[in-house]
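Peer 1: Once you've had a glance at the structure underneath, I'll fire off some questions.
Where a number appears in this text, it was derived from the coordinates with a stated rule and is not lab data. It should be emphasised that the depicted structure is a prediction, and the values quoted were computed from it without experimental measurement. All Cβ positions, even for glycine, are placed from backbone atoms using ideal geometry, and neighbour counts span all protein chains on display.
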Amino acid sequence: MRVAIQGTRGAFSEKAARTQWPDMETVPCREVGDAVAAVREGRADAGCLAIENSLVGSVTPTYDLLHEAFGDGELHLSREVLLPVHHSIMGVPGAKLEQVTHVLSHPVALGQCRVWLARHLPNATLVNAWDTAGSAEIVAKSGDPTQAAICSAHAAKEYGLQVFEDRIEDDPTNQTRFLTFTRVPTPDNEQATIQKTSLIVWTDHRPGMLAAVLQAFAGRGVNLTSLQSRPERSAPWTYRFYFDVEGARGEARLAEALESIEALASRIVILGSYAAWQGEGAREQAPRQRMPHHQPKPDLPLFDRRQRPEGTIVQVGNVVIGGDRPVLIAGPCSVEDEAMILATAEGVARAGADMLRGGAFKPRTSPYDFQGLGVKGLKFLAEARDRTGLPIVTEVMSWEEVPLVARYADMLQIGARNMQNFALLRAAGRSGKPILLKRGGGATIEEWLHAAEYVLSHGNPNVVMCERGIRTFERATRHTLDLNAVAIVRERTHLPVIADPSHAAGMRNIVPALTHAALAAGAQGAIIEVHPDPDHAMSDGAQSLDIPTFAKLAAQIRAYAAVEA
């Protein structure tokens, strides 16, 4: 196997290439473009190029060549190699370090050794050479004791030089990332356990375009490993963006993201998919899912009780939902301020609540109503959890906010208005957090169950169903608590089912009765709005219990549960 490298014998590129082709024949090339041309023209069978260093960043000549090299599909990216890079400084035999006035190396290598050079050779002239090993060759041929080269210790043996000092790089964890490529596609590339894909995107010069591209990846759970920008030579002050992402271009999530980006961007070029490095220094990645754009329908829905006749237990912190003990989740509609949520949390904890609820993002029917505290509210909820030990559940309104809310919350709530927000359901499925799924006010039981199926099918088995009332002709209450649905859904799904009597009633005086009724119908818990001063609450005060009333209700529920047990 003839492998073209930018550099000569003894270069780090050669060492990286030998991790894939141990018995290769090296084809030295002076420039990055020469290595690509050697493979294109058949003078080499494969190539290996440095693309990024962990200390100094991008190898810009390689990035600038990627479109030209791989954009037409004639050459194929093969593998990623992460190579630990340790530099030595060397000179001709008999020379001493204090004699050195000129230090030669590749500019990237010089950049990786600046601290050592400033300390030991502060007055030396740094000379850019075409290659690290090439600089060793130059020094060897010159025989000049005032010249030194920075390269690998292996190059010293190759060119008969003596090493003054080893491992002079600024950081011992120094690594360089290489990409190997071939004229013919690598047979095992599609079977690689872990893959990456590289692409170039050109965006219109409008606000939010790059963010939209990033959201196309984030919303589908595609992990971005690198983002670089380079100027567009033919159009001053415009830029192209280079992305490296986890996964192969044929995998469902990535394929869907690329399809969206193609519609958003002015241009996209997929450079190729290749085997990700799995040796020392490799990042841990999620297993691949090689699926088409739609998933095959299972013989039974994932929510179906026949999948798990014994029922599912959902663990939220130290709280078990779906067991024999009814779970009580209590707290305000909205987090109004720090003192209020801390007082509520401490009150409901003393009263017997298992979890704390509270809204940080609270869009209301009217745009002029209180909309919640946002991130500040999430931080107050987290503080309340730290003080009381109660796990927290809070609503997430859009798929873009899932990572943010998941950072603070123990459980994510998908509210009634978002029950069929399918992008949000998919993101919830990938969040890694338990999900509380409320039934929409006009949704059928079948629609509610299939909303849960979205979350389950995207890898999240921890879903709790919440009946919170449906709209009927009756206007005496806000909604009508559908006890039929509680009983039926308990029969049809293995997922835990709880009730929200507060939103069903819209009036606090019947919340205790509805709570008892829901538990009697089979609900495995209740989520109840509680406020220290309901009459002055900023939202939903009419349906909120005060803390003493909640304490009385909780005591009754615990007493009934003890009798039943």
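Peer 1: I need two numbers for the range 330-436: Rg to one decimal and Dmax as a whole number, Cα atoms only, in Å.
Peer 2: Rg and Dmax of the range 330-436, Cα atoms, are 13.3, 38 Å.
Peer 1: Across the chain, how many lysine pairs, 8 or more apart or on two chains, come within less than 26 Å at their alpha-carbon atoms?
Peer 2: Value for the chain: 17.
Peer 1: Taking the DSSP beta bridges in the range 331-564 as the whole, what percent of them are antiparallel, to the nearest 5? Write out the running numbers ahead of the final one.
Peer 2: Numbers: 1 of 20 bridges.
If I count the DSSP bridges inside the range 331-564, around 5 percent turn out antiparallel.
Peer 1: What ranking do K362, K552, K96 get, fewest neighbouring Cβ atoms within 10 angstrom at the top?
Peer 2: Details: K362 23, K552 13, K96 10.
Ordered from fewest to most neighbouring Cβ atoms within 10 Å, K362, K552, K96 come out as K96, K552, K362.
Peer 1: Find the relative contact order for the range 444-565 and round it to a whole percent, using C-alpha pairs within less than 8 Å whose residues are 6+ positions apart. Let's see the in-between values first.
Peer 2: Working: 175 pairs, mean separation 23.5, N = 122.
Across the range 444-565, relative contact order equals 19 percent.
Peer 1: Using the Kirkwood radius over Cα pairs, work out the Stokes-Einstein diffusion coefficient for the chain at 25 °C and 0.890 mPa s, in µm²/s as a whole number.
Peer 2: Values: Rh = 27.7 Å.
Diffusion coefficient, whole number: 89 µm²/s.
Peer 1: Whole-Å semi-axes of the range 144-206's equivalent ellipsoid, largest first, each the root of 5 times a Cα gyration tensor eigenvalue? Please list the in-between numbers first.
Peer 2: Values: eigenvalues 295, 83, 37 Å².
Values for the range 144-206, descending: 38, 20, 14 Å.
Peer 1: Let me ask another. With an 8 Å cut-off on Cα pairs and a minimum separation of 6 or more residues, tell me the relative contact order of the range 189-277 in percent. Let's see the in-between values first.
Peer 2: Values: 154 pairs, mean separation 42.6, N = 89.
The normalised contact order for the range 189-277 reaches 48 percent.
Peer 1: Quick one: putting +1 on the C-beta of Lys and Arg, -1 on the C-beta of Asp and Glu, what dipole do you get for the chain around its Cα centre, in Debye to the nearest 20? Write out the running numbers ahead of the final one.
Peer 2: On the way: 57 positive and 65 negative charges, 137 e Å.
With Lys and Arg at +1 and Asp and Glu at -1, about 660 debye.
Peer 1: Could you work out how much longer the chain between D535 and S142 gets when fully extended? Use 0.36 nm per residue separation minus the Cα distance between them, nm to one decimal. If you can, show how the numbers build up before the last one.
Peer 2: Working: separation 393, 0.36 × 393 = 141.48 nm, distance 8.97 nm.
Stretched out fully, the D535 to S142 stretch lengthens by 132.5 nm.
Peer 1: Take F473, F361 and order them by how many other Cβ atoms sit within 10 Å, fewest up front.
Peer 2: On the way: F473 5, F361 22.
The most exposed by this proxy come first: F473, F361.
Peer 1: Further question: Using the eigenvalues of the Cα gyration tensor, what equivalent ellipsoid semi-axes result for the range 86-165 when each is taken as the square root of five times the eigenvalue, whole Å, largest first? All intermediate terms of the calculation are to be shown ahead of the outcome.
Peer 2: Values: eigenvalues 51, 39, 24 Å².
Computed over the range 86-165, the values are 16, 14, 11 Å.
Peer 1: Tell me the mean residue ellipticity at 222 nm calculated for the chain from its helices only (DSSP H runs of n ≥ 4, each -39500 (n - 2.57), averaged over every residue, nearest 500). Intermediate values should be presented prior to the final figure.
Peer 2: On the way: 18 runs with 179 residues, N = 565.
Theoretical 222 nm ellipticity from helices: -9500 deg cm²/dmol.
Peer 1: Counting other beta carbons within 10 Å of each Cβ, put E137, E338 in order, fewest first.
Peer 2: Numbers: E137 22, E338 15.
Ascending number of Cβ neighbours within 10 Å: E338, E137.
Peer 1: For A562 and E400, calculate 0.36 nm times their separation in residues minus their Cα-Cα distance, and state this gained length in nm to one decimal. Could you put the intermediate results ahead of the total?
Peer 2: Numbers: separation 162, 0.36 × 162 = 58.32 nm, distance 4.30 nm.
Stretched fully, the A562-E400 segment lengthens by 54.0 nm.
Peer 1: Please report the relative contact order for the chain, taking Cα pairs under 8 Å with a sequence separation of at least 6, and give it as a percent rounded to a whole number. Intermediate results must be reported in sequence, preceding the final value.
Peer 2: Working: 1263 pairs, mean separation 61.5, N = 565.
About 11 percent, as a whole number.
Peer 1: While we're looking at this one, here's another question. Please list log₁₀ I(q)/I(0) at q = 0.12 Å⁻¹ for the range 331-564, using the Debye equation with identical point scatterers on the alpha-carbon positions.
Peer 2: Per q value, in the given order, log10 I(q)/I(0) is -0.61.
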